[in-house]
Protein chains: 2
Amino acid sequence: MNNTYELTIGKLLTLTLHRPSSSEVIYGKTRNSWRATLDRAKRLASGLEAMGVKKGSRVAVVDFDTNRYLECYYAIPMMGAVLHTVNIRLPPDQIGYTISHAQDDFIIIRDEFLPLAAKLAQHAASVKGLVTMSDTGSIPQVPLPNTHYYEDVISSGSSSYEFPDVDENSMATLFYSSGTTGIPKGVWFTHRQLVLHTLGATLALSAFSGQFRLDSNDVAMPLVPFFHVHCWGWPYSAGLLGQKLVLAGKYEPGKILELVKNEGVTVSNMVPTVLNMVVNHPSAENYTDVLSKWKVIVGGSALPHEVATRARKLGIHIMTGYGLSESAPVLTISLPTETERGLTEDEMLESIGLKAGLPVPLVELRTVTSQLADVPRDGKTPGEVVVRAPWLTDEYYKDPSGTQLLWSGGWMHTGDLAVMDKDGRIAIVDRIKDTVKSGGEWIPTILLEDLLMRHPAVYEAAVVRAQHPKWEERPVAVVSVREGKGVTEEELRAHLETYVTEGVISKFWIPDRFVIGSEQLPKTSTGKIDKKPLREKYAAILMQ
Amino acid sequence: MNNTYELTIGKLLTLTLHRPSSSEVIYGKTRNSWRATLDRAKRLASGLEAMGVKKGSRVAVVDFDTNRYLECYYAIPMMGAVLHTVNIRLPPDQIGYTISHAQDDFIIIRDEFLPLAAKLAQHAASVKGLVTMSDTGSIPQVPLPNTHYYEDVISSGSSSYEFPDVDENSMATLFYSSGTTGIPKGVWFTHRQLVLHTLGATLALSAFSGQFRLDSNDVAMPLVPFFHVHCWGWPYSAGLLGQKLVLAGKYEPGKILELVKNEGVTVSNMVPTVLNMVVNHPSAENYTDVLSKWKVIVGGSALPHEVATRARKLGIHIMTGYGLSESAPVLTISLPTETERGLTEDEMLESIGLKAGLPVPLVELRTVTSQLADVPRDGKTPGEVVVRAPWLTDEYYKDPSGTQLLWSGGWMHTGDLAVMDKDGRIAIVDRIKDTVKSGGEWIPTILLEDLLMRHPAVYEAAVVRAQHPKWEERPVAVVSVREGKGVTEEELRAHLETYVTEGVISKFWIPDRFVIGSEQLPKTSTGKIDKKPLREKYAAILMQ
C-alpha cells in the first residue's frame, strides 16, 4: 500500500493546524491558540516519554476541565499511550479500584485531589510516577517518589518531538462507568473509533437542520466533564472545527453565566441537572441577551419538561441527544422529522418531548424484544435499544461475561427500553434494570417522572419498584418538593390521572404510593438521580 | 472482535433509510424516494447476481446522469462488485481500451450509446453480457448475445435480496482519466475511501462557515457528470444527507435553468464551462428570483473572474474547490480565513480570486520543491501540491511505473503547481506539464489566462509554451474573442502590463505572441481547454 492513512486522533487537527492563526482554548486566564495547545501537547509527550511513558502505557488523569486536561486528550493517545479519564465523582476506593484494574503506569493529578493520591498509591502497585498540576502556580509538595510538576514536564519537553505512527486500532482511551452492581466497568476506544465518532456526531449537528446547527465559528463551552465519556467527544470536535473553546473548570452556575457572557459562548452540552442549576440561578434573567444566543445540547438523562420550558423562557435553544458510555457516547440527536420542518422551536420541543431523536449517520439502531425481533413503530411498545456503529466499545475491559451480554446476538445492548414512533424516532422510557414489572407488564418509570415534574410543586421525582403481594412489583414515587411549596399524595395522583384521561399513560401505571419530602434525591457520580438506594429503602413499603 | 463495523458504502444510508419517508430522487418524470431507490438497487443487484455478477466482477456503466445510474452507484459496490464509470467523452477507441484494460464483465449502457456497444464488443473479450437502458420505455434491439433490459433485470430481481458483507478495503469504483500521454489512466477507490471522502467533503461544506453551507434540506442538482470522478461524491453525499436529488440527464443550459426553478434546486456543482454556459444563456436574467437561492460549487479548473462576476450579478452564490481524479476528488474548498469573516460575498470572491482554498478536514496538503521541501507561504513561490488523505488512490491501475511517480517520497503528487499564501490557502497557478520554463524560471499560465479573460473582448484564453532560441521556452497566448468584439495584440499586451504595474505579475511573464481568433478553443473530455493541440500547433511559432 502506497497510501497508508491511519485514522488516528492527530488527523482530526489537520485543517486547524494548517491555518496560521487559530481560535483560542481558554481556561481562566490561560489563553492558548490551538497551535500552541498542540505545541504544549508535543512537549508534554516528549516529557512523558522521558519519564518512561511509551506505546501502550496507561496514563490516568484526575482533573476538572482545564487546558491541561485538553492537552492530555491529544498528547497521550497521539504518543500511542492510553488516556484513562478518571471519574472523580466515584468514591476513593472505587477510584483506586479503577486505577489498579487499568494497571495505570502514571497518574497526572490536580493538586486538589492530592489527598486522594496518597490513598491511591497504596492501591496501585502498577503506578510508576506522578505528575502534579496546579492552578496556583506553586508546586505541590508530595511525599511520593518519582513525582513531577506538569509545567516542568512541559518545559523540559522538546518542541521538536514528533508523535510516532500509531495503529488506528490501538487503544486510545479507557474509562470506567459506575456500573449497576457497584463495581465500576471499564470501556475503551480505539483511535479509529474516536475519529469516526467525531466525524459522525459533528456531521449530525452541522449538516442536518435541527433547532440549530453547529458551526466552526461557534464558541464552545462543554459542561459535561472531561472525565465523563470523552465529554461527549467535544475535546475532539472542537479541535476538528478549530472552534474557540472555553473550559469552565469546576462547574458553578454563576460562573457559567459569566463565562457565557464574557467569552461569547454560543454552544454547550450538559446533563439536565446542570441546565436546571443554571436556569434556576437567581440572576439568570439578567443574562437573557446572551442566553438567547446559547445553543444547548442536553443528554445523559431525560430532560424534564419544566426545565426545558424554563430554559426556553430565558431564550436558550435546546436539542437533546442520547448515548452511553459503551457508545463513546453519541447515538441519537433530536432532529426534526419531515412533517416537523415548519414548527417553531417551542412547538418542536413539545413535539419531541422526551424523545431522544433519530440515529446519527452511520448508526444502525433498533428497538427489539429479548429475541432480537423489532417491536412495532407505534410509539407505545417498549423494546430494548440495540445498536451497531463504528464507535462502540468492543468489550468491557477484562470482563468476558459482561462483554458476552453486551454483544449478545451481534448487536450492542444498551440496557435501555425505548418506544419508536412511526417517524423512526425513539423515546427512552426506562432502564431495563429500573423498570417496574406489574402483573407481567412493563411500567416505564422515566415517563412517569417527567409527568410528575410537570406539577408546579415538584422539584424532582423518581419512580421505583416495590415488592407487592398481588402484582409482584408496583411503582412507588419519591418526590422532592420545591422550596416553599407543598403537595399531597392525592394532588399528585389527580395530576397523573389527567394524563390517563388524555391517553398519555395507562391507569395501572399510577404509583401505589407517593413519598413526599423536601430533601434532594440521591445522585450518581454523573449527576443523575440514583435509584438504587431509593429502591432499597422502599422495597418493602407496600408489604407492610 | 465483537464489533466489526466495516466502512462500506451502504452504511452512508443508515439515517436516510431509518426514516420512513424520505426526499425524492428525480429524473425527468421519474420520482423515487431514497427508500424506493435502494429497493430498486436491491432488485438490480439480485438481477445482476442471477446474470453472473459476483464479488470482484467489473460492471461498466455508460449513461448520462439518471436515476438508473444512481442505482448502479449503490447496487454494484454494495454487492461487492466494482463500478466502472465509463468516460463517455473519450473517443470510442479509448473507451474500448478502458473496458478491455479494466477487464469489465458486464456493461450497462444507455440506448443512445448502443452504436458504441457494437464497436466495444470487438474490443472487450472479457465482457459476458450487456444491460440496455432507455428513457423511451421501448426495449432496444441489440444483435449481441446475453443482452438484458435494465427494467426487466430490476423486475426479475428479488426485493428480499440482502447485500453481502463486504470488506471495506475492497475495490468499489474504477475509472479512467484522459491521461497526459493520450493513454487513459485507471484509478480505483475502496469502500472505506469513498465513505471517508463523503464524510470529509460533506463536513467541510456543512460545518465550516463559507460563503454558504450545505444542508440536509438542500435540493441538490449535480452538474458534474456521474462518470467524472464520482460526480465529486454527490451521489453518496446526497444519500448520506437524504437530500432531494435532481438529475439533469444530458446538460442543456435552458433545461438546467428550468429545473432550478421547477424543482427548487438550491445547490449544484459544476466546472466553469458549465457555469459559463448557464450564466450566458439568453434568458438567464428571467430566473434571478431562483438563481439568488442557488449555491454553486465550482471546480475542475480555474474559475474565470468574468464568469464569477456574471454569476454574482445574477445572484448566484459561489464557492470553489480543488481536487483531481486521483483524490476521489475533493482536496480543498474556498473557506474564508479568520480575517475575511466580515467580508461580503462579492468581497470574498475578490479576495479568494483563483485560490482553490484550504484543505478539507483529514487532508494534509503541502506545496513543495522537487526535493519535497516546503516552499515559503508567501503567495508567490510556486511549488507542487502534494497530499496525504484517507481517500487517495493507491495506484494507477496496472501501471507500476506511473504509480511510483504518483507516490514518490510517500506523498501523492498532484502534478499541479500552486502558491500558498500566509493563511495557508493555495492558488493553483499551473499544471506542471503545462507550465512554461523561460530561462530557468516558471511562468504560471493559469494566472495569465485569468487576467486575459478579464479583458471585456476576451471569451477564452490559453497560454502555452513555445520553443525559443534564447530563453528555451516562452509563453504564447491563444485568445478567442467574444461575438461582435475585436481586440489587438497591442491592446492585450497593454492590458497585462497594468497587472505588472500593480505587482500582480512579473514583466517577463507577458507572452511573446498573442494569437487572436473567433473560434472556440479545443476542449478535453471534461470540458476544460485542451492545451495539447494548441501547444503542438504553436510550438515553433517563435522560431520562424
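The values are calculated or read from the model by the stated rules, or taken from the named source; none is laboratory data. What you see is a predicted model; the values in this text were computed from it and never measured. In this analysis, Cβ positions are derived from the backbone assuming ideal geometry, glycine residues included, and neighbour counts consider all displayed protein chains. Side chains are part of the model used for accessible areas, which takes the heavy atoms of the whole protein and leaves out ligands, DNA and RNA. Shrake-Rupley method; radii C 1.70, N 1.55, O 1.52, S 1.80 Å.
The single residue among B:THR85, B:THR98, B:THR66 that is among the polar types (S, T, N, Q), modelled with pLDDT of 95 or more, within 20 Å of B:MET171 (Cβ to Cβ) and under 21 Å from the mean Cα position of the chain (by Cα) turns out to be B:THR85.
Apart from one condition, B:VAL479 fits all of (1) within 14 Å of chain A (Cβ to nearest Cβ); (2) within 21 Å of B:HIS305 (Cβ to Cβ); (3) at pLDDT 95 or above; the exception is (1).
Listed by first and then second residue, the pairs with beta-carbon distance under 7 Å, at least 6 apart or on different chains, first residue in segment A:521-536 and in a helix (DSSP H, G or I), second open to solvent by 50 Å² or more (accessible area, probe 1.4 Å), are A:ARG535/A:ARG465.
Of the residues A:LEU83, A:LEU7, A:LEU90, the single one that is within 30 Å of B:TYR397 (Cβ to Cβ) and open to solvent by less than 20 Å² (accessible area, probe 1.4 Å) is A:LEU7.
Looking at A:VAL271, A:VAL330, A:VAL290, A:VAL298, which is the one that is within 12 Å of the chain's Cα centre (by Cα) and free of Cβ contacts under 8 Å to residues at least 40 places away in the same chain?
Values: A:VAL271 fails: free of Cβ contacts under 8 Å to residues at least 40 places away in the same chain; A:VAL330 fails: free of Cβ contacts under 8 Å to residues at least 40 places away in the same chain; A:VAL290 fails: within 12 Å of the chain's Cα centre (by Cα).
Just one listed residue meets the conditions, A:VAL298.
Here A:GLY440 clears all of (1) open to solvent by 10 Å² or more (accessible area, probe 1.4 Å); (2) at pLDDT 90 or above; (3) farther than 19 Å from A:VAL229 by Cβ except the condition numbered (2). Among the residues of segment A:76-104, those identified as closer than 11 Å to A:TYR176 by Cα and among the aliphatic types (A, V, I, L, M) are A:VAL86, A:ILE88, A:LEU90, A:ILE95, A:ILE99, A:ALA102. For A:ARG493, the test of being in contact with a strand residue (DSSP E or B) (Cβ under 9 Å, 6 or more places away or on another chain), free of Cβ contacts under 8 Å to residues at least 24 places away in the same chain and not aromatic (Phe, Trp, Tyr) is passed.
Of these, B:ALA60, B:ALA36, which one is open to solvent by 20 Å² or more (accessible area, probe 1.4 Å) and either assigned to a strand (DSSP E or B) or at pLDDT 95 or above (or both)?
Details: B:ALA60 fails: open to solvent by 20 Å² or more (accessible area, probe 1.4 Å).
Result of the check over B:ALA60, B:ALA36: B:ALA36.
Tallying residues that are within 22 Å of the chain's Cα centre (by Cα) and either surrounded by fewer than 19 Cβ atoms within 10 Å (Cβ to Cβ) or in a helix (DSSP H, G or I) (or both) within segment B:102-112 yields 1.
For segment B:462-479, taking the residues that are within 18 Å of B:HIS495 (Cβ to Cβ) and under 24 Å from the mean Cα position of the chain (by Cα), the one that is surrounded by the most Cβ atoms within 10 Å (Cβ to Cβ) is identified as B:VAL463.
Just the residues that are open to solvent by 30 Å² or more (accessible area, probe 1.4 Å), assigned to a helix (DSSP H, G or I) and over 23 Å from A:ALA50 (Cβ atoms), please, taken from segment A:115-137.
Keep residues of segment A:115-137 that are open to solvent by 30 Å² or more (accessible area, probe 1.4 Å), which gives A:115, A:118-119, A:121-123, A:125, A:127-128, A:135-137.
Restricting the remaining residues to those that are assigned to a helix (DSSP H, G or I) gives A:115, A:118-119, A:121-123.
Within segment A:115-137, A:PRO115, A:ALA118, A:LYS119, A:GLN122, A:HIS123 meet the criteria.
Given the criterion within 14 Å of chain A (Cβ to nearest Cβ), closer than 21 Å to B:THR198 by Cβ and touching an Asp or Glu at 6+ places or on another chain (Cβ under 6 Å), identify the matching residue among B:SER33, B:SER21. Working first, answer last.
Numbers: B:SER21 fails: closer than 21 Å to B:THR198 by Cβ.
Selected residue: B:SER33, the only one of B:SER33, B:SER21 that is within 14 Å of chain A (Cβ to nearest Cβ), closer than 21 Å to B:THR198 by Cβ and touching an Asp or Glu at 6+ places or on another chain (Cβ under 6 Å).
Within segment A:363-381, the residues that satisfy the criterion of being touching a residue at least 12 places away in the same chain (Cβ under 8 Å) and not in a loop (DSSP other than H, G, I, E, B) are A:GLU364, A:LEU365, A:ARG366, A:THR367, A:VAL368.
Go through segment A:462-480 and give me each residue that's touching a residue at least 40 places away in the same chain (Cβ under 8 Å), in a strand (DSSP E or B) and more than 16 Å from A:ILE432 (Cα to Cα).
A:GLN467, A:HIS468, A:VAL476, A:VAL478, A:SER480
If you go through segment A:392-424 and keep only what is at the interface with chain B (Cβ under 9 Å from one of its Cβ atoms), within 26 Å of A:GLY233 (Cβ to Cβ) and not aromatic (Phe, Trp, Tyr), you end up with A:LEU392, A:THR393, A:ASP394, A:GLU395, A:THR403, A:LEU406, A:GLY410, A:MET412, A:ASP423, A:GLY424.
Taking the criterion of being in contact with a helix residue (DSSP H, G or I) (Cβ under 6 Å, 6 or more places away or on another chain) and assigned to a loop (DSSP other than H, G, I, E, B), the residues of segment B:408-441 that qualify are B:GLY424, B:ASP434.
Scanning segment B:382-402 for residues that are in a loop (DSSP other than H, G, I, E, B) and either within 19 Å of A:LEU15 (Cα to Cα) or among the aromatic types (Phe, Trp, Tyr) (or both), we see that the one that is most open to solvent (accessible area, probe 1.4 Å) is B:TYR397.
Find the residue count for segment B:452-461, including only residues that are surrounded by 23 or more Cβ atoms within 10 Å (Cβ to Cβ) and either assigned to a helix (DSSP H, G or I) or of a type outside the set (A, V, I, L, M) (or both). Give the steps one after another, and end with the answer.
Kept after step one, since they are surrounded by 23 or more Cβ atoms within 10 Å (Cβ to Cβ), are these residues of segment B:452-461: B:452, B:458, B:461.
When the remaining residues are screened for being either assigned to a helix (DSSP H, G or I) or of a type outside the set (A, V, I, L, M) (or both), the result is B:452.
Number of matching residues: 1.
Within segment B:229-251, the residues that satisfy the criterion of being modelled with pLDDT of 95 or more and open to solvent by 30 Å² or more (accessible area, probe 1.4 Å) are B:TRP232, B:LYS244.
Only one of the numbered conditions (1) in a helix (DSSP H, G or I); (2) of a type outside the set (S, T, N, Q); (3) within 20 Å of B:GLY424 (Cβ to Cβ); (4) out of contact with any Lys or Arg (no Cβ under 7 Å at 6 or more places or on another chain) is violated by B:VAL274, and that is (3). Cβ separations smaller than 7 Å between residues 6+ apart or across chains give the following pairs from segment B:98-117 residues that are closer than 17 Å to B:GLU71 by Cα to residues that are of a type in the set (Lys, Arg): B:PHE106/B:LYS128.
Can you tell me which residue in segment A:481-509 is nearest to the chain's Cα centre (by Cα), limited to those that are among the hydroxyl-bearing types (Ser, Thr, Tyr) and over 18 Å from A:SER438 (Cα atoms)? Talk me through it step by step, then tell me what you get.
The first filter runs over segment A:481-509 and keeps only residues among the hydroxyl-bearing types (Ser, Thr, Tyr), leaving A:488, A:498-499, A:501, A:506.
Subsequent filtering for residues that are over 18 Å from A:SER438 (Cα atoms) retains A:488, A:498-499, A:501.
Numbers: A:THR488: 35, A:THR498: 34, A:TYR499: 31, A:THR501: 36 Å.
Looking at residues that are among the hydroxyl-bearing types (Ser, Thr, Tyr) and over 18 Å from A:SER438 (Cα atoms), I get A:TYR499.
Could we say that A:LYS54 is part of a loop (DSSP other than H, G, I, E, B), away from every other protein chain (no Cβ under 14 Å) and open to solvent by 10 Å² or more (accessible area, probe 1.4 Å) here? Here the answer is yes, as A:LYS54 does meet what is asked.
Just checking, which of A:SER155, A:SER178, A:SER206 is out of contact with any helix residue (DSSP H, G or I) (no Cβ under 6 Å at 6 or more places or on another chain) and over 23 Å from A:ARG43 (Cβ atoms)? Even if it seems obvious, please write down each step before you answer.
Numbers: A:SER155 fails: over 23 Å from A:ARG43 (Cβ atoms); A:SER206 fails: out of contact with any helix residue (DSSP H, G or I) (no Cβ under 6 Å at 6 or more places or on another chain).
A:SER178 is the lone residue from the list that is out of contact with any helix residue (DSSP H, G or I) (no Cβ under 6 Å at 6 or more places or on another chain) and over 23 Å from A:ARG43 (Cβ atoms).
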